[in-house]
1. Show the residue pairs that are 6+ apart or on different chains and have beta-carbon atoms under 9 Å apart, the first residue being within region 92-118 and closer than 14 Å to V129 by Cα and among the aliphatic types (A, V, I, L, M), the second being open to solvent by 70 Å² or more (accessible area, probe 1.4 Å) and assigned to a helix (DSSP H, G or I).
2. May I ask you to list the residues in region 17-34 that are farther than 10 Å from F133 by Cβ, open to solvent by 70 Å² or more (accessible area, probe 1.4 Å) and either among the aromatic types (F, W, Y) or within 18 Å of the chain's Cα centre (by Cα) (or both)?
3. Being buried (at least 19 other Cβ atoms within 10 Å of the Cβ) and not in a strand (DSSP E or B) is the filter; apply it to region 143-152 and report the residue that is modelled with the lowest pLDDT.
4. Being open to solvent by 40 Å² or more (accessible area, probe 1.4 Å) and either touching a residue at least 60 places away in the same chain (Cβ under 8 Å) or touching a helix residue (DSSP H, G or I) at 6+ places or on another chain (Cβ under 6 Å) (or both) is the filter here; which residues of region 119-142 pass it?
5. In contact with a Lys or Arg (Cβ under 6 Å, 6 or more places away or on another chain) and either closer than 19 Å to T3 by Cα or open to solvent by less than 20 Å² (accessible area, probe 1.4 Å) (or both): is that true of L85 in this structure?
Amino acid sequence: MPTLTPVDQPEFLTAVHYVAARIRESGWQPDFIIGVGRGGLTPAVYLSHATGIPMLSVDHSSQLPDFSAELLVKLAGRSATDRLLFVDDINDSGSTITHIRAAVTAAGGTLDNVRFATLIDNVVSTERVDYRFRTIDRTVNKDWFVFPWEQMSPVDKVLEDSEVVPQRLA
């Protein structure tokens, strides 16, 4: 059983403000923040409010084409002229970022106008993010981080979610 490590609301708010500050300091201003469902939706809403940048969303977790694949094609088209910042809660294995980059590329998108932000970034992930609040090393830290919105779930559901990719916590 994994160690469940809660991320409390004050830490979450600090993380959002920290990422917003890093975006401002970078000089790269996104035209849209894109929340990646499910875990990136809440951070994206807060980041949108903290920066004043409009928010869009894709639902990667549902695996329903109408809410993910088709929207990524539309976003790829927008990337020709708009800067897009995809937001997720954690860059764990890197598979979500890999999927998004591949989908944008396959649809003819401009990756120069695409960046990624997460609250937690795994330094041994296959992918890198442009903005992060904190880093972990999954070879050392096997905790399952329970964000404020996940704390609404029963513990058995949180444990079930943590088992989707068991090797990341092994």
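1. L111/T105
2. Listed by number, the list holds a single entry, Q29.
3. Among those that are buried (at least 19 other Cβ atoms within 10 Å of the Cβ) and not in a strand (DSSP E or B), it is E150.
4. Of everything in region 119-142, those that are open to solvent by 40 Å² or more (accessible area, probe 1.4 Å) and either touching a residue at least 60 places away in the same chain (Cβ under 8 Å) or touching a helix residue (DSSP H, G or I) at 6+ places or on another chain (Cβ under 6 Å) (or both) turn out to be D130, R132, F133, R134, K142.
5. yes
The values are calculated or read from the model by the stated rules, or taken from the named source; none is laboratory data. Bear in mind the structure is a predicted one, so any value in this text is a computation, not a measurement. Note that we place each Cβ from the backbone using ideal geometry, even for glycine, and neighbour counts take in every protein chain shown. The area values use the complete protein model at the heavy-atom level, side chains included, leaving out ligands, DNA and RNA. Shrake-Rupley method; radii C 1.70, N 1.55, O 1.52, S 1.80 Å.
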